[in-house]
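Novice: Below you'll find the structure I mean.
The values are calculated or read from the model by the stated rules, or taken from the named source; none is laboratory data. Everything numeric here is computed off the predicted structure, so don't read it as measured data. Here Cβ is always computed from backbone atoms with ideal geometry, including for glycine, and neighbour counts include all displayed protein chains.
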Amino acid sequence: MITTREKKGILLDTTRCIGCGACSLACKERNRLPRTSDDVLSDTLSEKTFSVVNRQGPRFARKMCMHCNVPSCVSACPVGAFQKTATGPVVYDETKCIGCRYCMLACPFNIPKYEWSKTLPRVRKCDMCADRLAQGLATACAAACPTGATKFGTRAELLAEAKARIAAEPKRYFPHIYGEQEVGGTSVLVISDASPEEIGFRTDLVSEPPAMLTWRVLNKIPNVVTIGGLVLGGIYWVTKRREEVARAEGREHDGESGPHDAEPRSREEEHEK
Amino acid sequence: MIRLSALPRLTFWRIVLLFLLAAGLYSTFVRFYHGLGAATNLSDQFPWGLWVGFDILCGVALAAGGFTVSSIVYIFHLERFRPIVRPAILTAFLGYMLVIGALMFDLGRPYRVWHPLVMWNPHSVMFEVGWCVTLYTTVLALEFSPIVFERFRMKRVLKVLHFVMPPLVLLGVLLSTLHQSSLGSFYLIVPSKLYPLWYTPFLPVFFFLTALTLGCAMTIVESFLSSRAFKKEIEMSLLTDIGKVTLVLLGVNLVARYQDLSSRGVLHLAFERTYEGRLFLAEMLVGLVVPAVLLAFPAVRKSQKGLFSAAILVVMGILMNRLNVSITGMERSSGASYLPSLTEVSVTLMIVGVGFALFTLAARYLPVFQHATEDPGPEAAWEDAEPARGTPPRVPAAVAGAAAFLLVSAIGLTYDGVMRRPAAPARPVATKAPAPPNSVALSTFRMPPDVPFRESPDSPAPVMFRHGVHVDSWSPDCVSCHRDGFSMVRTGSARTAAAAGAMHKKCGQCHDGTSAFSIESDCEKCHAPSLAK
């Protein structure tokens, strides 16, 4: 399903971010979203804001959809409204969505947002400018970034570059590429001079895609159905047979088994008539 | 004129029902007219609340009596349980209909509820649950249909149904096993969100086990309630046996839960003075420990009051479990504090009320308790069936006392837990903190390229916007211009007169003669003929 060679990604380097907010504004412009805050740096993700850059102590860090390699939202959605495209973006088809919000519950980064105030709400989130990618363009945020703090490229190249940057300046960087392993890897990679917690990223995530946790149970269903069906069918056959045998052997047992057994037996005979 | 005597008599419960219906209908209007945001206390942090936690998770679990009892009778051929099959199937059928009804409130776009049947995603637990619930509700309708056909004496259909009933029940049991457990699998995908007391890889197993247990307990509760409502005797010996099964299931539950908690090394969390720890202990006491203690005594199992109380406790405890998984356990990681809104509560109460009303109507007009009423039997037949005649067994005072003590502690624990609810962290206040030192980051600043604007028909010359002239490279401020009007994504396209007018207006915001030279005066400062090709 996913061809890694073609996969695009975004590399965020907080040591290069000057907090100008161009990424957020470019995102709003590209997605035709209204203004939500006077101070770009204190904006929060919402159904009207798909990307923010926030102050994290002395640094600036972006928050946006991580575009997981094996996304929980794609796995959770009962109608397949979310899809992981071959080039990396996780995109949403609002014509399929039934509005169950399981994607929001499932997302380890709490990214999908809901149009709570609408009577027919949609789920909204960053789609990594999938249409721009199809035209061979970079994402709007990466195109707008004046410092290279947000860099667009193929994930493999960006991963190599992140490693190279850390190796070249080991004193400048915290030695961890966030998104390389987390939840099975994400298309968005983050490097910084601080630990992931300090720039607002969760570190208690599993390294295996959470989607595998549900899939491992779901793929047992054929077995449960086959074995369960056979066992139940067997029990049905055995108990029915035993009842027939007991009836054929005569009625001397009836006295022993008490009034309750006698009662339904007569009812069973009624059914057969 | 309406003759008052023609209207149904207003009893206490009918007034309650009318009140619930009125409040619920108003809430229904609020929900569908103003949307989920206005009607509920749900938020982006807390997307699933009471309607999923109670109406769906608890609703499906409460309907588990249908598949437990029907499998006992049709698959295990324990024929003497036949009298309680019909009420159990009726409860289950109504339960599932109400769950589907409740789903309409919770879904953002309820008119697309059929989408999972057509747009497949086999990787989704909810897709699987959707299919199972749809199929099982159909199966329940068929299992229930003989009652309707009997009422209208349609013998031929009944004969066919009698023939297909065993495979139908078998299918129903399989479907129930799948989706009762899958409701637990919903939460397998959030290992970093659900509190460790409830998050376990065995969630589906525990959900299935508790559903079985709840199925038995519900059968007991519902037999008692209908015996009171319809003035029929209780099949006490049957219920005593179900009580025994419940006891075994409670034991299995307890051992499994203990094993799971201790093997994951989180048992100590249960005894910590936290919101979650307290509510977990309360759930365990109410749903597992107290009823297991009670049911362990034969005297309790044989006494009406004892058995009924134990069953009620099991029901309450397992409902607490569902709410703990879906609400209590999800709160801390979400950073939000969720309490259902009045609208949410009143919709839920309306659905419960409708459930009771439909059950009563069905029981009154359809032969649901037919078997019980057909053979009149001696008064208090259940007592005759007991080997020990005479006075009904009394629950030892010590047992009742111990149970009461444990219950009171459970209530205390719940209260203490709720008091320890983690407060929602205050939203970070937008303070204008001094700009952090970013000289390192600034060294990577590259001046954005110049932007050419092509000339419009009556323009003196094209314009080249130079970032370098406008931006201070030691303190670049992209937002002040790009927030209002100046596009970042589509740049450099003034070709028509209208676009040129718009550009003059935008540039004129600053080029007004005071902040910078005016657009009215020196055209050639911007329109440079040298740029024309």
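Novice: Within region A:177-186, track down each residue that is buried (at least 18 other Cβ atoms within 10 Å of the Cβ) and either not acidic (Asp, Glu) or not assigned by TED's automatic domain parsing to the domain that holds residue A:59 (or both). Can you show your working first?
Specialist: Initially, region A:177-186 is screened for residues buried (at least 18 other Cβ atoms within 10 Å of the Cβ), giving A:177-179, A:182-186.
Passing the criteria: A:177, A:178, A:179, A:183, A:184, A:185, A:186.
Novice: Filter region B:265-278 down to the residues that are crowded, with 16+ Cβ neighbours inside 10 Å and among the charged types (D, E, K, R) and list them by number.
Specialist: The answer is B:276, B:278.
Novice: Here is a further query. Output the residues belonging to region A:20-43 that are facing another protein chain (nearest Cβ under 7 Å) and either touching a His at 6+ places or on another chain (Cβ under 6 Å) or in contact (Cβ under 8 Å) with a residue 40 or more places away in the chain (or both).
Specialist: A:20, A:22, A:25, A:26, A:29, A:30
Novice: Go through B:177, B:138 for me and flag whichever is part of a helix (DSSP H, G or I), within 13 Å of another protein chain (Cβ to nearest Cβ) and polar (S, T, N, Q).
Specialist: Numbers: B:138 fails: within 13 Å of another protein chain (Cβ to nearest Cβ).
Exactly one residue qualifies, and that residue is B:177.
Novice: Can residue A:59 be described as facing chain B (nearest Cβ under 8 Å) and on the phi > 0 side of the Ramachandran plot?
Specialist: Details: facing chain B (nearest Cβ under 8 Å): yes; on the phi > 0 side of the Ramachandran plot: no.
In short, no.
Novice: Moving to a separate point now. Of all residues in region B:279-305, how many are within 30 Å of residue B:330 (Cβ to Cβ), surrounded by fewer than 24 Cβ atoms within 10 Å (Cβ to Cβ) and in contact with a Phe, Trp or Tyr (Cβ under 9 Å, 6 or more places away or on another chain)?
Specialist: Residues in region B:279-305 being within 30 Å of residue B:330 (Cβ to Cβ), surrounded by fewer than 24 Cβ atoms within 10 Å (Cβ to Cβ) and in contact with a Phe, Trp or Tyr (Cβ under 9 Å, 6 or more places away or on another chain): 1 in total.
Residues are listed down the side, and each one gets a yes or a no for (1) surrounded by fewer than 20 Cβ atoms within 10 Å (Cβ to Cβ); (2) within 20 Å of residue A:91 (Cβ to Cβ); (3) within 9 Å of another protein chain (Cβ to nearest Cβ):
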site: A:117; (1), (2), (3): yes, no, yes
site: A:131; (1), (2), (3): yes, yes, no
site: A:134; (1), (2), (3): yes, yes, no
site: A:138; (1), (2), (3): yes, yes, no
site: A:141; (1), (2), (3): no, yes, no
site: A:153; (1), (2), (3): yes, yes, no
site: A:161; (1), (2), (3): yes, no, no
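Novice: Still on this structure, please answer the following. Within region B:102-116, is even one residue crowded, with 21+ Cβ neighbours inside 10 Å, in a loop (DSSP other than H, G, I, E, B), on the phi < 0 side of the Ramachandran plot and aliphatic (A, V, I, L, M)?
Specialist: no
Novice: Answer yes or no as to whether residue B:425 is under 44 Å from the mean Cα position of the chain (by Cα), more than 10 Å from chain A (Cβ to nearest Cβ) and at pLDDT below 80. Please lay out each step first, then the result.
Specialist: On the way: under 44 Å from the mean Cα position of the chain (by Cα): yes; more than 10 Å from chain A (Cβ to nearest Cβ): yes; at pLDDT below 80: yes.
Considered against the rule, which asks whether it is under 44 Å from the mean Cα position of the chain (by Cα), more than 10 Å from chain A (Cβ to nearest Cβ) and at pLDDT below 80, residue B:425 comes out as yes.
Novice: Search region A:1-40 for residues being in contact with a Phe, Trp or Tyr (Cβ under 6 Å, 6 or more places away or on another chain) and in a loop (DSSP other than H, G, I, E, B), and hand back the single one that is nearest to residue A:115 (Cα to Cα).
Specialist: A:19
Novice: Filtering region B:317-351 down to residues that are closer than 19 Å to residue B:407 by Cβ and within 16 Å of the chain's Cα centre (by Cα), which residue is surrounded by the fewest Cβ atoms within 10 Å (Cβ to Cβ)?
Specialist: Step one: list which residues in region B:317-351 are closer than 19 Å to residue B:407 by Cβ, which gives B:317-321, B:323-324.
If we keep only those that are within 16 Å of the chain's Cα centre (by Cα) as well, we get B:318-321, B:323-324.
Values: B:318: 27, B:319: 22, B:320: 22, B:321: 30, B:323: 18, B:324: 22.
Across region B:317-351, the extreme among qualifying residues is B:323.
Novice: Next question, about the same structure. Say whether the condition of being within 11 Å of another protein chain (Cβ to nearest Cβ) and farther than 16 Å from residue A:100 by Cβ is met by at least one residue in region B:44-60. Before the answer, list the steps.
Specialist: First, the residues of region B:44-60 that are within 11 Å of another protein chain (Cβ to nearest Cβ): B:44-49, B:51-52, B:56.
Now restrict to residues that are farther than 16 Å from residue A:100 by Cβ: B:45.
Yes; the residues of region B:44-60 include at least one that is within 11 Å of another protein chain (Cβ to nearest Cβ) and farther than 16 Å from residue A:100 by Cβ.
Novice: Now for a separate question. Which residues, taken from region A:66-80, are surrounded by 24 or more Cβ atoms within 10 Å (Cβ to Cβ) and more than 10 Å from chain B (Cβ to nearest Cβ)?
Specialist: Passing the criteria: A:66, A:67, A:68, A:71.
Novice: Which residue out of B:287, B:251 is at pLDDT below 95 and part of a helix (DSSP H, G or I)? Quick ask: steps written out before the conclusion?
Specialist: Working: B:251 fails: at pLDDT below 95.
Answer to the selection: B:287.
Novice: Hey, among B:161, B:135, which residue is within 30 Å of residue B:188 (Cα to Cα) and either in the same structural domain as residue B:99 (by TED's automatic domain parsing) or of a type in the set (A, V, I, L, M) (or both)?
Specialist: Working: B:161 fails: within 30 Å of residue B:188 (Cα to Cα).
The match here is B:135.
Novice: Looking at residue B:294, is it in a helix (DSSP H, G or I) and modelled with pLDDT under 95?
Specialist: Details: in a helix (DSSP H, G or I): yes; modelled with pLDDT under 95: yes.
So residue B:294 passes the test.
Novice: Also: Looking for something buried (at least 23 other Cβ atoms within 10 Å of the Cβ), more than 10 Å from chain B (Cβ to nearest Cβ) and of a type in the set (Val, Ile, Thr) - is there at least one such residue anywhere in region A:83-93?
Specialist: The answer is yes; a qualifying residue exists.
Novice: A follow-up question, please. Can you tell me how many residues within region B:199-230 are closer than 17 Å to residue B:65 by Cα and either among the aromatic types (Phe, Trp, Tyr) or under 21 Å from the mean Cα position of the chain (by Cα) (or both)?
Specialist: Result for region B:199-230: 12.
Novice: Can you name every one of the helices (runs of 4 or more DSSP H) wholly within region B:1-88 that holds 1 or more residues which are among the charged types (D, E, K, R) and surrounded by fewer than 23 Cβ atoms within 10 Å (Cβ to Cβ)?
Specialist: On the way: elements: B:12-34, B:36-39, B:59-62, B:65-70.
In region B:1-88, the matching helices (runs of 4 or more DSSP H) lie at B:12-34.
Novice: Among the numbered conditions (1) touching a residue at least 60 places away in the same chain (Cβ under 8 Å); (2) within 14 Å of chain A (Cβ to nearest Cβ); (3) surrounded by 23 or more Cβ atoms within 10 Å (Cβ to Cβ); (4) in a helix (DSSP H, G or I), tell me where residue B:95 comes up short.
Specialist: (2)
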